[in-house]
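Q: Encoded as structure tokens, here's the structure I'll be asking about.
The values are calculated or read from the model by the stated rules, or taken from the named source; none is laboratory data. Bear in mind that the values here come from a model prediction, so they are computed numbers and not experimental data. Using ideal geometry, Cβ is built from the backbone for each residue, glycine included, and neighbour counts are taken over all protein chains shown.
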Amino acid sequence: MFHKREFKIALKVSIPVMMGYTVLGFAFGLLMSSSGQPWWIAVLMSVVIYAGALQFLAVGFFSAKIGYFDIFVASIMVNIRQSFYGLSLLKKFKKIKFKPYLIFAITDETYALLTTIKEDENIKKKWYYFYLCSLNQSYWIIGTTLGVLFGKFIHFNTKGLDFSLTALFVVLAIEQYKKDKNLTPFFIGTFASIFAFLSVSKENMLLSAIAVSIVLMFLFKKRFNNG
């Protein structure tokens, strides 16, 4: 059954992500096309992998002909943060039959929407969650498809396109601050990033920064609750 009200609300909430994901997906498709990969590989990756940062990194993996084991380890390191996303939303997704898909479809931006947007108590939340997650993924798939097809006909310098994902995340972080007015998470993230940058190798920097952030968030738990 099509739940029209839940779909409309999810569509409205997902508009900022739509504006970012179609462009980001388009950039990824262009990069994949410029690397000489078949068009369908890029689209398949957006369907079954659906991990923006990792997909952009994969372009470099293909070009450098990195081994499968190295790709496997790098993939875990880059996406391990999303396991915490799923764990923190288990209560929200409780008793939903398609919970595995919802957990799969959580990205940084989708997680930001699920945790910062105030929900309407009168809607069927499981369908709202489903539409929000599936709409965001569809934007990414559409962007990827358009980008890889466009890249087959027009060739130009794609340098700098991979920064577009970072730009979108910065905008969402700013929106989160405007809503909560709490600078503590930003101080923690900044400190953890600098600490990891100075103390560990580049390959382990992301995981180390996440671990330090978690520890500091527990230490400053009262400040988060007061905020």
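Q: Could you grab the pairs with beta carbons closer than 9 Å, sequence gap of 6+ or different chains, first residue in the range 84-97 and farther than 19 Å from TYR131 by Cβ, second one of a type in the set (A, V, I, L, M) and surrounded by 15 or more Cβ atoms within 10 Å (Cβ to Cβ)?
A: Pairs that qualify, where the first residue is farther than 19 Å from TYR131 by Cβ and the partner is of a type in the set (A, V, I, L, M) and surrounded by 15 or more Cβ atoms within 10 Å (Cβ to Cβ), are PHE84/ILE210; LEU90/ILE103.
Q: Kindly indicate whether PHE169 is modelled with pLDDT of 70 or more, in a helix (DSSP H, G or I) and out of contact with any His (no Cβ under 7 Å at 6 or more places or on another chain).
A: no
Q: Something else about it: Given (1) on the phi < 0 side of the Ramachandran plot; (2) modelled with pLDDT under 80, where does LYS181 come up short, assuming only one miss?
A: Evaluating LYS181 over (1) on the phi < 0 side of the Ramachandran plot; (2) modelled with pLDDT under 80 leaves (1) as the failure.
Q: Here is a further query. Using the structure shown, decide if ILE9 is touching a residue at least 40 places away in the same chain (Cβ under 8 Å) and within 30 Å of ASN122 (Cβ to Cβ).
A: Here the answer is yes, as ILE9 does meet what is asked.
Q: Is it fair to say SER134 is without any contact (Cβ under 8 Å) to a residue 40 or more places away in the chain, surrounded by fewer than 16 Cβ atoms within 10 Å (Cβ to Cβ) and assigned to a helix (DSSP H, G or I)?
A: Criteria not met by SER134.
Q: Let me ask you something else. Mind listing whichever residues of the range 142-157 are surrounded by fewer than 20 Cβ atoms within 10 Å (Cβ to Cβ) and among the aliphatic types (A, V, I, L, M)?
A: Once the filter is applied, which keeps residues that are surrounded by fewer than 20 Cβ atoms within 10 Å (Cβ to Cβ) and among the aliphatic types (A, V, I, L, M), the range 142-157 yields ILE142, LEU146, LEU149, ILE154.
Q: A further question on this structure: Kindly indicate whether any position in the range 80-99 is surrounded by 19 or more Cβ atoms within 10 Å (Cβ to Cβ) and either in a helix (DSSP H, G or I) or outside the structural domain of ALA173 (by TED's automatic domain parsing) (or both).
A: Checked against the condition, which is being surrounded by 19 or more Cβ atoms within 10 Å (Cβ to Cβ) and either in a helix (DSSP H, G or I) or outside the structural domain of ALA173 (by TED's automatic domain parsing) (or both), the range 80-99 yields no hits at all.
Q: Filter the range 15-71 down to the residues that are among the hydroxyl-bearing types (Ser, Thr, Tyr) and without any contact (Cβ under 8 Å) to a residue 24 or more places away in the chain and list them by number.
A: TYR68
Q: Give the residues of the range 100-126 that are modelled with pLDDT of 85 or more, outside any helix (DSSP H, G or I) and over 11 Å from the mean Cα position of the chain (by Cα), sorted by residue number.
A: ILE123, LYS124
Q: A further question on this structure: Do you know which residues across the range 137-157 are without any contact (Cβ under 8 Å) to a residue 40 or more places away in the chain and part of a helix (DSSP H, G or I)?
A: SER138, PHE153
Okay, residues lined up against (1) closer than 22 Å to ILE15 by Cβ; (2) at pLDDT below 80:
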site	(1), (2)
GLY160	no, yes
LEU165	yes, yes
PHE187	no, no
ALA192	no, no
ALA196	no, no
SER199	no, no
LYS202	no, yes
LEU207	no, yes
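Q: Hey, among GLY25, GLY52, which residue is under 14 Å from the mean Cα position of the chain (by Cα) and at pLDDT 90 or above?
A: From the options GLY25, GLY52, the qualifying one is GLY25.
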